[in-house]
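Enquirer: The structure follows.
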Amino acid sequence: MNNTSKSFEHLKDPTRELLQAIQSLDKFSSQNENAHSLQKTIALVKCFIKTAFSDKTKLKHNKERIQDEVLRAVNILYRHRLLIEKFKQGDSTQQKLAASAMAAIQRYNAVIEKAKDHPKSLSKHIALFLLEQGGWSVGKELARIDLPQRAFLQINSHQKGKTTEVSQKIASLYPNTFACKNQETALDQTTKELFYMKAISLMGKYDIASHAEARSLVYKTPIEVQFDPQSSKAQLLQCLSPFPGQTVKIIGHFQWDSQSKTYRPITNHQPDSKESNAFEWSIQSHQTGFPHPSQHIFWALSDCLIPGCLHFQEQLPVFTPLHNRKKERALALVSNGAILKKAKQLISLKRQVFEKNPGEWLEKHYELHESILKPAPAHIAPENIKEKLENFYAILENSAQAFEKLTETYQRMLHYFIVLPHDKLQMEWIERHSDDLISGDPVRSYQAALKLLEEQAAQSLQELQNQRANKDEERIALDFMIGMGSVLRIPAQSIILQHFSEVIEFAPPMLNDFEQRIQAAVYKQLIDFEDDLETELSASQEDNFRLIEEKMQCQMESSIALFQVESFESVEALYPPVNELEDYFNSRWIIEGRRQKTEVPSPSSTPPLGTGCA
């Protein structure tokens, strides 16, 4: 009983485990660093002479023991990589531990990189040989530790330059310090126009959007008023999204004049700022390298269905290049460089393609969703799902903003049924509040992870049902989101659990035919996005339009075909990442020695959250 309690406390607080892993990694790195020096070589020779006539079995065992110790340390650091990121923002003790972990990883990676260079001098050859005999040299099984990077950029008007943060938790730029929203102080048209003009000017000045794009965006985005009754001062805030993953915040500082019943701009509200005027601005950009629905064929799945950081990625010859290029794209898209400009141009072209024949594209989308439902297990689809599809597309056919409504509705659905459950499980793993999740029992941990995903999906369903307004259009869009979201959430859960199996350490679920198709669609979209960004565009807008239209038609046809074929086995050769990842996660489970005789049930057998809307 005492041992069980101690084991649970160890899982509850992994600090000691992290410290041991850091020490093991540092010990290994120090043995391999400067191994070519004369003093080090002499010490190794003495050690080798003492053990030269020892039992070879002992030498082999020692070598395997050291290698296992390093691999175990690497695995621990990977498992708790998100906790390390959290500790960077924690108290002084946590920050110190995070700094030690990052320093150990950097030393270890330097050793791995150095080992790739063939030794040129005799002393280096001797040192390498002796290290190998002692088991301390870099083995074939060891590789770099590549922690996840978050491509995030933030620029504030009061900052001199811009910074790109990696794995930073985004907080609100401007916390609400004002007491309330005052409905009595409605904005007059003059104040609105002043705010609009400033917003358009700022977006043009910093090359965020063209004048026409900025004007269209600011006039359709509401202005939020935060009012302080005591000082009669107000902040006027507008949050604009000129590009997927990018948020521009414009804040105006105003004083309410009770006599004229108007707002007056407050200049010099920041005496220390070089831009001492009534307005502040900020830009945030968070990119993943995965397409938004507007960047593909008006539908896409989610970046959450791609593992962020696998422990031994070098074992995946197909996945790894795709993932590395994805990270490179994400970093390129946060800057205001050529890739971002091309990405914006591509969205404009795709919109033009859609708006040329909206009825044709909506018909193709309806066919796509019918195709997705074809291989889906019958029990996961809500009742009247096809009726909900027909109603939604009928509304879009008569909408002047069909492009925005289609892409934004799809993105909202993904947020509620894929992103929120994924983030919930990830946060629970970091915070370690769930005793079952960190129990160390693979079956118990699996069931806890599945339960967390299910609970968040049920919460999302309830929230969407609560949002169903009296307006027919909004209700029909929500019915579509609930219907298709209920279908997609099941394969998404299986894929997410597959990814977390390496982190939490439980048997990965075996994906069924439908789940494999969804996973294949994710990687198809990732490859399509890369192909789009590598497309050579010409000076001719007409030629570019035809080129993008042809590419989109091919992408849509292949997307439909993926779900229309009789079984995934008939096309699996076209989607190698799916089988490669399945082999990887299963082999990782076997290597860790935690395979259980009892099979873990697949979440695909879970009943649907609901049978539709009332």
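The values are calculated or read from the model by the stated rules, or taken from the named source; none is laboratory data. Because the structure is predicted, anything quoted here is derived from the model rather than measured. Note that each Cβ is placed from the backbone with ideal geometry, even for glycine, and that neighbours are counted across all protein chains shown. Each accessible area value is taken on the protein alone, full model and side chains, heavy atoms only, with ligands, DNA and RNA left out. Shrake-Rupley method; radii C 1.70, N 1.55, O 1.52, S 1.80 Å.
Enquirer: Could you sort 482-491, 563-572, 332-341 so that the peptide with the highest average Cβ count within 10 Å comes first and the rest follow in order?
Expert: 482-491, 332-341, 563-572
Enquirer: Would you please put 529-542, 443-456 in order of how densely packed they are, using the mean number of other Cβ atoms within 10 angstrom per residue and starting with the highest?
Expert: Ranking, from highest mean packing down: 443-456, 529-542.
Enquirer: Another question, then. Output wanted: per-residue J couplings in Hz (rounded whole) for segment 544-556, from phi through Karplus 6.51 cos²θ - 1.76 cosθ + 1.60, θ = phi - 60°, x for Gly and Pro.
Expert: So the Karplus estimates, Gly and Pro as x, are 4, 4, 4, 4, 5, 4, 5, 4, 5, 5, 5, 5, 5 Hz.
Enquirer: Could you tell me what % of all Cα pairs in segment 346-442 have separations over 15 Å?
Expert: 73
Enquirer: Name the long-range amide H neighbours of Thr262: under 5 Å, sequence gap of 5 or more, or other chain; modelled H, no Pro or chain starts.
Expert: For Thr262, the qualifying residues are Asp257.
Enquirer: Two decimals is fine: what's Rg over Rh for segment 443-561, C-alpha atoms, Kirkwood radius as Rh?
Expert: Result for segment 443-561 is an Rg/Rh of 1.11.
Enquirer: Name the long-range amide H neighbours of Ile438: under 5 Å, sequence gap of 5 or more, or other chain; modelled H, no Pro or chain starts.
Expert: Under 5 Å from the amide H of Ile438 lies no amide H from a residue far enough along the sequence or on another chain.
Enquirer: Calculate the all-directions average of the projected area of segment 520-590's alpha-carbon convex hull, and give it in nm².
Expert: 5.9
Enquirer: Here's a follow-up. Return the distance in nm (one decimal) between the two label points of a simple spin-label model at Ser260 and Asp472, each offset 7 Å from Cα along Cα→Cβ.
Expert: Those two pseudo-labels are separated by 4.6 nm.
Enquirer: Amide H neighbours of Gly90 under 5 Å, at least 5 residues apart or on other chains, H built in the peptide plane: list them.
Expert: For Gly90, the qualifying residues are Gln95.
Enquirer: Hey, rough spin-label estimate for Gln149 and Asp441, points 7 angstrom out along Cα→Cβ, what's it come to in nanometres?
Expert: 4.2
Enquirer: Tell me, in nm to one decimal, what length is gained between Ser399 and Asn579 on full extension, where the rule is 0.36 nm per residue of separation less the Cα-Cα distance?
Expert: Here the segment from Ser399 to Asn579 would lengthen by 60.6 nm.
Enquirer: Could you calculate the contour length gain from Glu314 to Ser567, that is, 0.36 nm times the residue separation minus the distance between their Cα atoms, to one decimal place in nm?
Expert: 88.1 nm
Enquirer: If you don't mind, another one. DSSP loop GluC sites (Glu not before Pro) in segment 180-267 with at most 13 other Cβ atoms within 10 Å of their Cβ, which ones?
Expert: In loop regions of segment 180-267 (DSSP not H, G, I, E or B), the sparsely surrounded GluC sites (Glu not before Pro) are Glu184.
Enquirer: Let me ask something additional. Could you give the Stokes-Einstein D for segment 201-264 in µm² per second, using the C-alpha Kirkwood radius, 4 °C, 1.567 mPa s?
Expert: Approximately 98 µm²/s, per Stokes-Einstein.
Enquirer: If all Cα-Cα distances of segment 435-488 are sorted into 5 Å bins from 0 onward, what percent lands in each bin, rounded to whole numbers?
Expert: The percentages, shortest bin first, are 4, 19, 19, 16, 11, 10, 9, 6, 4, 1.
Enquirer: Tell me, what is the 1.4 Å probe accessible area of Asp435, in Å² to the nearest 10?
Expert: 70
Enquirer: Now for a different question. By how many nm would the segment from Glu390 to Thr15 lengthen if fully extended, with 0.36 nm per residue of separation less the alpha-carbon distance? Can you show the working numbers first?
Expert: Numbers: separation 375, 0.36 × 375 = 135.00 nm, distance 5.39 nm.
Additional length available on full extension: 129.6 nm.
Enquirer: May I pose another question? Sorted by accessible area (1.4 Å probe), largest first, how do Cys304, Cys239 line up?
Expert: Cys239, Cys304
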